[in-house]
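The values are calculated or read from the model by the stated rules, or taken from the named source; none is laboratory data. These numbers come from a predicted model, not from an experiment. Reconstructed Cβ throughout: ideal geometry from the backbone, glycine too, with neighbour counts over all protein chains shown.
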Amino acid sequence: MKNLDGLNTFAFTSSFISSVLGEVVSTNQKPFTAHWTGKVLDIMTDNDSGIDYVCSLSLSEKGEVIMKVFDGMIDAKAQYALIGYATYHGLVLEE
């Protein structure tokens with residue numbers, strides 16, 4: 001990685017996400033990404049569809065931190081906590 005300016009932000013954001021969703025369950029190297037799981041809603045049956053990836057955090061080569069939050073999470077408080085954190089700290093947020 002050429003630019004590690006976002007590494008500090010990535011580390012603290014990962015810690016926050018883990019406090020909301022639990023431990024990281026998967027990682028990727030390119031781009032450097034961590035993934036968390038949670039329960040999601042099956043809109044066809046209006047029931048819990050099981051556990052799926054609900055959040056990921058990536059660090060680009062330029063040092064930009066990007067958070068992706070799945071909008072079908074059953075735990076609305078967790079979803080809004082993640083969105084609020086990203087918004088407050090000026091992270092790039094993708095839904």
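Give the residue that is nearest to SER14 (Cα to Cα), with candidates limited to residues of region 33-51 that are touching a strand residue (DSSP E or B) at 6+ places or on another chain (Cβ under 6 Å), at pLDDT below 90 and surrounded by 14 or more Cβ atoms within 10 Å (Cβ to Cβ).
GLY38
For every residue, the table says whether it meets (1) in contact (Cβ under 8 Å) with a residue 12 or more places away in the chain; (2) in a loop (DSSP other than H, G, I, E, B).
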position: CYS55; (1), (2): yes, no
position: GLY63; (1), (2): yes, yes
position: ASP71; (1), (2): yes, yes
position: LEU82; (1), (2): yes, no
position: THR87; (1), (2): no, no
position: GLY90; (1), (2): no, yes
